[in-house]
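**Student:** This is the structure I want to talk about, given as structure tokens.
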Amino acid sequence: MLKDLLDQFICVRLVKANGLDLRLFQFDYDLTFAAFFLNGDGAIYGRYGSRSEQKNAAKDISLEGLRKALAAALTLHRDYPKNAAALAGKRGPAPKYAVPEQMPPLTSRHYTAQLDYNGKLAASCIHCHMVGDAERKMFRDAAKPIPDDLLFSYPMPSLVGLELDPKEIARVTRVLPGSPAARAGFQSGDEIATVQGQPIISIADIQWVLQHAGDSDQLKTGVVRNGQPKELTLSLGSGWRRGNDFAWRTTTWDLRRMAFGGLVLEDLPDENRADAGLTKDALALRVKYVGQYGDHAAGKRAGFQKDDILVSVDGKNDRMSEALAIAYLVQNKKPGDRVPIQVLRGKERLTLDLPLQ
């Protein structure tokens, strides 16, 4: 039973990021639920909590999966500290700022370690996603490209071809043909036990390893197949993480402000392209929403309208997702740059000048 397992832990619930120890609590800050399984000395047995879309959380987490992660954490705890070396990789490098309120974008907004209970409780609360916002904004404020690992962050295993059962620890249900996982020899039914020597107790643990993998890396993976251990090598090709669509994330809202002045875009489906005179390989990002206020209204002030179709961005007209278009602009253009964007409005083609934030 889940309760019986939880009774073996000291359970602590954190509902704000004010004062959060960023040296310890490093995870996907866009999650609405995340769990850490810790030893009292700060060793991390594992993480739990994964998400790949905004609305359907049950696609990636389950009570069954949480129960099995709890049981696996207790097994690791019983072996501790003999397994301390294998757990070392579950802690990330020391961050520049120990707590969120020290990060300049949050300090400048007067956030502190304490909540204001005298009428400004909500306004004084640092939400987890604001940590990710601040990480990206520091690069933007310094006029530096936002790196891939902060844009295409915490990739799901499906990005490398592994579909996993959310009701299990890390059981492969499908290997996508032609993927890195297929080339590595993964099979449906494999139980992933370790990656890069780290014991795996959840999908989130695999995401942690992927998050810290290089642009082109070799990940040693231990699996159990038909009861027998087997080692596979997962080879990641250059640019592998850029297939990770981050448009569902809360923090994309601020990226949209930076790149497109508050426009929300969606790739035009194939069945609608012929009517617009566009091929399947062409850029066609339809304006789904136009921001109305402040810097989020820069697109509106530049003349963009709902249902405009972007067909060229800074001279680029090959098909790309909203995420890739955002990434291009925040990695290649600086705040204050102006970008020519050609749009299709009905049958008319217009060129609009978009100022970047």
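**Student:** Over the alpha carbons of the chain, what is the largest minus smallest coordinate on each principal axis, giving the biggest first in Å?
**Tutor:** Here the Cα extents, ordered largest to smallest, are 67, 56, 33 Å.
**Student:** Please identify the chymotrypsin sites (Phe, Trp or Tyr not before Pro) of region 91-139 that satisfy two criteria: DSSP loop assignment and at most 15 other Cβ atoms within 10 Å. Which are they?
**Tutor:** Of the chymotrypsin sites (Phe, Trp or Tyr not before Pro), the ones in loops of region 91-139 whose Cβ has at most 15 other Cβ atoms within 10 Å are TYR117.
**Student:** Need one number: the % of Cα-Cα pairs in region 251-355 sitting beyond the 24 Å mark.
**Tutor:** 14
**Student:** For region 157-242, what are the per-bin percents of Cα-Cα distances with bins 5 Å wide, up to the bin holding the maximum?
**Tutor:** Spelled out bin by bin, region 157-242 gives 3, 16, 29, 30, 17, 4, 1 percent.
**Student:** So which of LYS137/LYS334; LYS90/LYS137; LYS96/LYS120; LYS96/LYS144; LYS288/LYS334 end up more than 20 Å apart, counting from Cα to Cα?
**Tutor:** Going by Cα-Cα distance, LYS90/LYS137; LYS96/LYS120; LYS288/LYS334 fall outside the 20 Å limit.
**Student:** Over region 78-125, what per residue volume does the convex hull of the Cα atoms give, in whole Å³?
**Tutor:** Output value, Cα hull per residue: 123 Å³.
**Student:** Taking the Cα centre as origin and putting +1 on Lys and Arg beta-carbons and -1 on Asp and Glu beta-carbons, what dipole magnitude results for region 157-242, to the nearest 20 debye?
**Tutor:** Working: 9 positive and 9 negative charges, 32 e Å.
Once rounded to the nearest 20, the dipole reads 160 debye.
**Student:** Then there's this: For region 201-274, what is the convex hull volume of its Cα atoms per residue in Å³?
**Tutor:** Dividing the Cα hull volume of region 201-274 by its residue count gives 180 Å³.
**Student:** Sticking with this one: In the chain, if the dipole is taken from +1 on Lys/Arg beta carbons and -1 on Asp/Glu beta carbons about the Cα centre, which of ALA184, LEU356, GLN207 is farthest to the positive end?
**Tutor:** My answer, from the dipole projection, is LEU356.
**Student:** Moving to a separate point now. With only Lys, Arg, Asp and Glu charged, each at its Cβ (+1 for the first two, -1 for the last two), find how big the charge dipole of the chain is about the Cα centre; round to the nearest 20 debye.
**Tutor:** Charge dipole of the chain: 360 debye, to the nearest 20.
**Student:** Which of the chymotrypsin sites (Phe, Trp or Tyr not before Pro) found in region 260-357 are loop residues per DSSP with 12 or fewer other Cβ atoms within 10 Å of their Cβ?
**Tutor:** Listed in order of number, the matching sites are TYR293.
**Student:** Determine the sum of side-chain charges near ARG345: Lys and Arg each +1, Asp and Glu each -1, restricted to other residues whose C-beta is under 10 angstrom from that of ARG345. Working shown, then result.
**Tutor:** Numbers: positive: LYS347, ARG349; negative: ASP307, ASP308, GLU348.
Once positives and negatives cancel, what remains is -1.
**Student:** Taking DSSP loops as anything outside H, G, I, E and B, show the longest stretch in the chain free of trypsin sites (Lys or Arg not before Pro) there with at most 11 other beta carbons within 10 Å. Present the calculation step by step, with values, prior to reporting the outcome.
**Tutor:** Numbers: sites that count: ARG13, LYS55, LYS82, LYS96, LYS280, LYS347.
So the longest stretch without any such site is 97-279.
**Student:** Can you give me the pair-distance distribution of region 9-109, C-alpha pairs, 10 Å bins, whole percents?
**Tutor:** Binned Cα distances yield the sequence 13, 39, 35, 12, 1.
**Student:** About its Cα centre, what dipole magnitude does region 308-357 give when the only charges are +1 on Lys and Arg Cβ and -1 on Asp and Glu Cβ, stated in debye to the nearest 20?
**Tutor:** 60
**Student:** Another question, if that's okay. Against the globular-protein guess of 2.2 N^0.38 Å, express the Cα radius of gyration of region 58-165 as a ratio, rounded to two decimals.
**Tutor:** 1.44
**Student:** Please give the net charge around MET258, taking every other residue with its beta carbon less than 9 angstrom from that of MET258, where Lys and Arg add +1 and Asp and Glu add -1.
**Tutor:** Combined, the nearby Lys, Arg, Asp and Glu give +3.
**Student:** How charged is the neighbourhood of GLU191? Take every other residue with its Cβ under 9 Å from the Cβ of GLU191, and add Lys/Arg as +1 and Asp/Glu as -1.
**Tutor:** That sum, taken over residues with Cβ under 9 Å, equals 0.
**Student:** Related question: Check cross-link reach from LYS59 to the lysines: straight Cα distance under 20 Å, and skip same-chain residues fewer than eight apart.
**Tutor:** Within the straight-line limit of under 20 Å, LYS59 reaches these lysines: LYS68, LYS167.
Every read-out reported here was derived from the displayed coordinates using simple, explicitly stated rules and does not represent laboratory data. Since the model is a prediction, treat every value here as computed from it, not as a measurement. Backbone-built Cβ (ideal geometry, glycine too); neighbour counts: all protein chains shown.
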